[in-house]
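Peer 1: Take this structure, written in structure tokens, and hold onto it; I'll ask about it next.
The values are calculated or read from the model by the stated rules, or taken from the named source; none is laboratory data. Predicted model, so just to flag it, every value in this text is computed and none were measured. Glycine also receives a Cβ, built like all others from the backbone with ideal geometry; neighbour counts cover every protein chain displayed.
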Ligand code: ADP
Ligand code: MG
């Protein structure tokens, strides 16, 4: 909804989502109110990066003003703080697009996530907003954080190379006003009309005071590559000569973290840099910092986040999230070529000494140096993960929970690193509560076990209930649970580990007999042949084959897929996602030792087949489906048959 006020002035209502977001930001009692400054400085720094990059090919954009900087101006009396940059600026359309709406994907998710945490109100009805900082960080709703500190925000901006300026202002309520503005300097000025500090607030910080601003800049923005300047009043001179003078001071050291010697950097500094870079609130789980020298020179500073960002599996997010610098000049964000897609969870920067400043996304793909950088980053990351697995198992577990499924994509697509990635796998198994590695599994294998056994399942609890496990448990063979949908794709490529075949125990034939009772078995098979034949006929529509099982000890029957096919869970998932997966008939295996099978055999042996044999077979099949967690083809019929059976008096069925 737009309403014209003067020829250039419009009042525009915020989108519903933006409004909701603003309300949440403003009304949450915010523990770290000061981060608004980090957000505004980070936007200013981005705008300076953009100008610096664009001016490489269009020098006129600098308009003779080449000293790129950020300024803070505070007026304690008026309770006003300004954050000023002489960066790229925005056109009117860009202001509406970038500031007036939340167009970015994931925003809906942000509002939902906020509401979810709001839903978790305590007894007094106070919403639990302790997650808010994480959420703000993850979704980069940075600019709106200004409303945590200000009750009115004015943004004035002029895009480099143009003359028309724009003024945007809002009180963070229902709408904002946008109008043309004359004679603006290049770049953006954000003016905050600060709220009164609440007397009882935990942080009654006054953001017009020099030392408060100094502290906040030092804490969050020290490494920003441009000077953050402020005019300060100082007393100078001796005795009677003393006078007050205004000096411009630079509040940040501006030394990019990655150019400093590794050992000089405090964990705290890494944490702040990572948060700035990743728009995250938590500290990184692992820091990988190194300098390559020799034929190829570059600095790399990579971070493994602690938690999974919400867009990790968005189809649009397949490339790397590393920023590329060339000799400390920012070149581009999210430079795809720097990492394989299965390491896309890393955040960080690469600063190359060799690449030309005018590289573009197109030429990067062909660039030999970039390929070498990628190789070296992959190597270092795998080493770091290996180190974490060996030395910090708990942290590695955190990593694996967040990013294991992404790493597994590498097992599928990357022949070169498959073996190494296999060693980084963690999976739960029948042997306890803690997930284990393949190496640990192999170490525990009894001598007579020749294969690595795995069971795909929707989750650990479902795997533990599976009838497929029975005989393996009885024999003391450990089985690994594979509970990510991606696992079954991985298994198509990862067919062995350290020359031991990897075998899905729900597929193909499993022979767990150790040859001791071969004779017994042949006898059994002879004896049960007529039954198998009859069941086969009854279930011809449903299953491909009926045979005796060596997998079962307690259950009467189980369904088995072909060695080459997907498990029923994954088949269902693929079909639901619209893939044309043909219906695969499976094999029904019967447990020759189960009383139910013996009873069926007796019934079948009586010359005349009793009426209900078909129903019994349908029940047997239905039960096997239920046991593996698959839906029944005709639940109503199943229920009816069970009821009828329960109503019958024992011994009257024939
Ligand atoms: P993010 O920085 O994560 O994109 P923000 O809410 O902080 O999210 O900013 C939204 C957008 O507004 C930025 O992406 C940028 O396009 C624009 N913007 C914000 N501040 C500035 C500024 N000082 N100069 C130029 N553009 C800006
Ligand atoms: Mg921002």
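Peer 1: Can you pull out every residue in the range 59-83 that is within 13 Å of ligand 1 (Cβ to nearest atom) and either part of a helix (DSSP H, G or I) or within 34 Å of the chain's Cα centre (by Cα) (or both)?
Peer 2: 70, 83, listed by residue number.
Peer 1: Let me ask something additional. Restricting the search to the range 152-173, which residues are in a strand (DSSP E or B) and surrounded by fewer than 16 Cβ atoms within 10 Å (Cβ to Cβ)?
Peer 2: 169
Peer 1: Could you tell me whether any residue of the range 39-47 is touching a strand residue (DSSP E or B) at 6+ places or on another chain (Cβ under 8 Å), under 18 Å from residue 98 (Cβ atoms), outside any helix (DSSP H, G or I) and assigned by TED's automatic domain parsing to the domain that holds residue 153?
Peer 2: The answer is no; no qualifying residue exists.
Peer 1: Report yes if some residue within the range 217-233 is assigned by TED's automatic domain parsing to the domain that holds residue 9, on the phi > 0 side of the Ramachandran plot and buried (at least 16 other Cβ atoms within 10 Å of the Cβ); otherwise report no.
Peer 2: Looking through the range 217-233, none of the residues is assigned by TED's automatic domain parsing to the domain that holds residue 9, on the phi > 0 side of the Ramachandran plot and buried (at least 16 other Cβ atoms within 10 Å of the Cβ).
Peer 1: Among the residues of the range 403-411, is any outside the structural domain of residue 437 (by TED's automatic domain parsing), in contact with a helix residue (DSSP H, G or I) (Cβ under 6 Å, 6 or more places away or on another chain) and under 21 Å from residue 54 (Cα atoms)?
Peer 2: Checked the range 403-411: no residue is outside the structural domain of residue 437 (by TED's automatic domain parsing), in contact with a helix residue (DSSP H, G or I) (Cβ under 6 Å, 6 or more places away or on another chain) and under 21 Å from residue 54 (Cα atoms).
Peer 1: Output yes when any residue across the range 47-58 is at pLDDT 95 or above and more than 16 Å from ligand 1 (Cβ to nearest atom), and no when none is.
Peer 2: Within the range 47-58, not a single residue is at pLDDT 95 or above and more than 16 Å from ligand 1 (Cβ to nearest atom).
Peer 1: Next question. So, in the range 420-438, how many residues would count as being closer than 27 Å to residue 375 by Cα and touching a residue at least 24 places away in the same chain (Cβ under 8 Å)?
Peer 2: Matching residues across the range 420-438 total 8.
Peer 1: Could you figure out which of (1) touching a strand residue (DSSP E or B) at 6+ places or on another chain (Cβ under 7 Å); (2) assigned to a loop (DSSP other than H, G, I, E, B) isn't true of residue 308?
Peer 2: (1)
Peer 1: Looking at (1) free of Cβ contacts under 8 Å to residues at least 40 places away in the same chain; (2) assigned by TED's automatic domain parsing to the domain that holds residue 9; (3) farther than 27 Å from residue 277 by Cβ, which one does residue 175 not meet, given that it meets all the others?
Peer 2: With respect to (1) free of Cβ contacts under 8 Å to residues at least 40 places away in the same chain; (2) assigned by TED's automatic domain parsing to the domain that holds residue 9; (3) farther than 27 Å from residue 277 by Cβ, residue 175 is out only on (1).
Peer 1: Hey, can you tell me all the residues within the range 627-643 that are in a helix (DSSP H, G or I), surrounded by 13 or more Cβ atoms within 10 Å (Cβ to Cβ) and modelled with pLDDT of 90 or more?
Peer 2: 637, 638, 641, 642
Peer 1: Which residues, taken from the range 530-546, are buried (at least 16 other Cβ atoms within 10 Å of the Cβ), closer than 25 Å to residue 465 by Cβ and free of Cβ contacts under 8 Å to residues at least 60 places away in the same chain?
Peer 2: Passing the criteria: only 546.
Peer 1: Let me ask something additional. Assess whether residue 112 counts as being more than 16 Å from ligand 2 (Cβ to nearest atom), under 26 Å from the mean Cα position of the chain (by Cα) and at pLDDT 60 or above.
Peer 2: For residue 112, the condition - more than 16 Å from ligand 2 (Cβ to nearest atom), under 26 Å from the mean Cα position of the chain (by Cα) and at pLDDT 60 or above - is met.
Peer 1: Please verify whether the range 345-353 includes one or more residues that are in contact (Cβ under 8 Å) with a residue 60 or more places away in the chain and closer than 19 Å to residue 400 by Cα.
Peer 2: Yes, the range 345-353 has at least one match.
Peer 1: With respect to residue 372, is the statement that it is in a helix (DSSP H, G or I), outside the structural domain of residue 57 (by TED's automatic domain parsing), more than 16 Å from residue 287 (Cα to Cα) and touching a residue at least 60 places away in the same chain (Cβ under 8 Å) true?
Peer 2: yes
Peer 1: Something else about it: Anything in the range 337-385 that is surrounded by fewer than 18 Cβ atoms within 10 Å (Cβ to Cβ) and within 19 Å of residue 317 (Cα to Cα)? List them, or say none.
Peer 2: 341, 361, 362, 365
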